[in-house]
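Enquirer: Got a structure for you, questions after.
All of the numbers you see were taken from the coordinates with simple rules; none came from a lab. Bear in mind the structure is a predicted one, so any value in this text is a computation, not a measurement. Counting neighbours? That spans all protein chains shown, and the Cβs are built from the backbone with ideal geometry, glycine included.
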Amino acid sequence: MYRWPELQFESWNPSQAAYGLLETASVVQLIEALNNDAARERALHLLSKNRANREDLAPLLWYSVGTISILLQEIISVYHSLHSPTLADRVSNRVCDALVLFQCVAANPSTKMPFIEAKLPLYLYPFLNNTNKERPHQFLRVASLGVIGALAKVDDPNVINFLLESEVFPCCLCCMEVGDVLSKTVATYIVYKILTNEEGLRYCCTVAERFFALVRVLGSMVLKLAEEGQLAENPSKRLLKHIIWCYHRLSESPRSCDGLRCCLPVILSDAAFINMFSGEPSAAQHLQQLFHNVSSRTSRIQTIEKMIRPLVRG
């Protein structure tokens, strides 16, 4: 059985601020411990919890022999349970720790492209397409979205091209429909990052079926939050800002403006909705520009823009 370094881990206590400051040798030992079935679960947990404290963790994970294969093995091992509502929290948490380490590799500039070239993100798509809503499945969904979000965060055309070619778009739409607020927020952010790329915008607007699928999901999220009275809650406001950014970016495509005129939820023009973004001039500005782009200069649109204008000025 693998023997843990007694000084560092025998009395490990997550409440101690210093527990994450691991020495290089200890991190290497943890990575080596992944090869031992008995030690792997704890090693995964400690590595995932301490990822922010080690800038060299991603290269160490990527270039150490067999480590990525082990992480992939952990991820694949739960596939057979994705259609089961009885997935155990412990199993889900263990896979989430492996996904967090994947996110670490995906976020690092030196390992991002090798990670993509190995097509490892494709192994996360079963979690994104999973429609179970139980908590363990939600954990897997948001952890997988975190990996894709780390890839998309940097404006790199190569990353966007990979995501488009690998059909991540319908996976994100699925998460936006069945996920919790956090999953919806991250998935909507990924869609927005795709839209900010010109090729991504064309991808979403050229095919009518794809465009209307997106605006349908965006609209349904707004309406559901309104029905549940969650519009003004902080997590929901963050989601709403991402939704507005997506609508605004779509409105910058002349091809999609006609479709948006008939698809925007009426609540977006409601005074109470607009006033929610008081003190957030960026969101208000995007909302104002959205209505400006899709308007036919009717008196109703002009009235809405007048309501938003003071918020944009901050």
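Enquirer: Rounded to the nearest 10 degrees, what's the angle between the helix 168-178 long axis and the longest principal axis of the chain, both from Cα atoms, 0 to 90?
Expert: With both axes taken from Cα atoms, the answer is about 80 degrees.
Enquirer: Right, next: Separation of segment 57-90 and segment 113-159 by C-alpha centroid, Å?
Expert: What the calculation gives is 13 Å, centre to centre.
Enquirer: Here is the link list: Lys49/Lys184; Lys119/Lys193; Lys49/Lys224. Which ones come out longer than 30 Å on Cα distance? Numbers along the way, then the final one.
Expert: Working: Lys49/Lys184 24 Å; Lys119/Lys193 20 Å; Lys49/Lys224 34 Å.
Table pairs above 30 Å Cα-Cα are Lys49/Lys224.
Enquirer: Only helical DSSP H runs with n ≥ 4 go in: add -39500 (n - 2.57) per run for the chain, normalise by residue count and round the 222 nm mean residue ellipticity to 500 deg cm²/dmol. Each step should come with its number before you reach the end.
Expert: Numbers: 19 runs with 216 residues, N = 314.
Computed ellipticity for the chain at 222 nm equals -21000 deg cm²/dmol.
Enquirer: OK, next. For the chain, give the magnitude of the charge dipole about the Cα centre (Cβ charges: +1 Lys/Arg, -1 Asp/Glu; no others), in debye to the nearest 20. Write out the running numbers ahead of the final one.
Expert: Working: 31 positive and 30 negative charges, 194 e Å.
Result for the chain is approximately 940 debye, rounded to the nearest 20.
Enquirer: Can you list the HN-Hα couplings for segment 208-214, worked out from phi with the Karplus curve (6.51, -1.76, 1.60; θ = phi - 60°), rounded to whole Hz and with x for Gly and Pro?
Expert: 3J(HN,Hα) across segment 208-214, in whole Hz: 4, 4, 5, 4, 5, 5, 5.
Enquirer: A further question follows. Return the sequence-ordered ³J(HN,Hα) values of segment 269-280 in whole Hz as given by the Karplus equation 6.51 cos²θ - 1.76 cosθ + 1.60 applied to θ = phi - 60°, using x for Gly and Pro.
Expert: 9, 6, 4, 5, 5, 4, 5, 4, 9, 4, x, 10
Enquirer: Mean separation of Cα pairs under 8 Å and 6+ residues apart, divided by the residue count of segment 70-194: what relative contact order is that in percent? Before the final figure, lay out each step's value.
Expert: Details: 144 pairs, mean separation 33.1, N = 125.
Once normalised by length, the contact order is 27 percent.
Enquirer: In degrees between 0 and 90, to the nearest 10, how far off the longest principal axis of the chain does helix 135-153 point, with axes built from Cα atoms?
Expert: 80 degrees
Enquirer: Then there's this: How do the peptides 30-43, 96-109 rank, highest first, by the average count of neighbouring beta carbon atoms within 10 Å per residue? Let's see the in-between values first.
Expert: On the way: 30-43: 17.3, 96-109: 22.5.
Output ranking for 30-43, 96-109: 96-109, 30-43.
Enquirer: Another question about this same structure. Output wanted: per-residue J couplings in Hz (rounded whole) for segment 229-239, from phi through Karplus 6.51 cos²θ - 1.76 cosθ + 1.60, θ = phi - 60°, x for Gly and Pro.
Expert: x, 10, 4, 8, 6, 4, x, 5, 5, 5, 4
Enquirer: Listed highest first by mean packing, meaning other Cβ atoms within 10 Å per residue, what order do 113-124, 278-289 come in? Mind showing how you got there, number by number?
Expert: On the way: 113-124: 16.2, 278-289: 18.3.
The peptides rank, most packed first, as 278-289, 113-124.
Enquirer: Dipole of segment 118-212, Cα-centred, from +1 at each Lys and Arg C-beta and -1 at each Asp and Glu C-beta, to the nearest 20 debye?
Expert: Working: 9 positive and 10 negative charges, 56 e Å.
In total the dipole reaches around 260 debye.
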